[in-house]
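Here the structure is laid out as structure tokens; the discussion comes afterwards.
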Amino acid sequence: MSKKRVTATVTYIPQSGGFWSLIGENGEEWRPVSMPEQLKYNGKKVDVVLDDADDDFSIYMWGTPVVVVSFQTPLP
């Protein structure tokens with residue numbers, strides 16, 4: 001994927017102990033390997049730059065694993 005800029009909604013997924021995710025406007029699903037604390041608000045719209053999370057192994061069988069390179073929250 002290399003770096004990709006997207007607008008997404010932060011969503012908490014309660015399966016397998018729970019994890020934070022990003023769901024794009026087109027329904028694409030990403031699972032940040034380390035979600036920044038500032039983004040951990042369910043339903044929050046964010047603009048993020050994502051990059052591949054190489055060699056990520058996880059119990060969560062959901063979404064594409066990514067690294068959040070940068071982010072900002074859109075103004076209301």
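Of all residues in the stretch 18-38, those that are free of Cβ contacts under 8 Å to residues at least 24 places away in the same chain have Cβ atoms under 8 Å from Cβ atoms of residues that are of a type outside the set (Phe, Trp, Tyr) and exposed (fewer than 13 other Cβ atoms within 10 Å of the Cβ), 6 or more apart or on another chain, in 20/40. Residue count for the stretch 1-22 under the criterion of being assigned to a strand (DSSP E or B) and farther than 13 Å from residue 41 by Cα: the result is 4. Specify the residue that is surrounded by the fewest Cβ atoms within 10 Å (Cβ to Cβ); the eligible residues are those in the stretch 12-33 that are in contact with a Pro (Cβ under 7 Å, 6 or more places away or on another chain) and either modelled with pLDDT under 95 or of a type in the set (Phe, Trp, Tyr) (or both). For the stretch 12-33, the residue satisfying everything is 33.
The values are calculated or read from the model by the stated rules, or taken from the named source; none is laboratory data. Remember, predicted model here, so these are calculated numbers, not experimental data. Here Cβ is always computed from backbone atoms with ideal geometry, including for glycine, and neighbour counts include all displayed protein chains.
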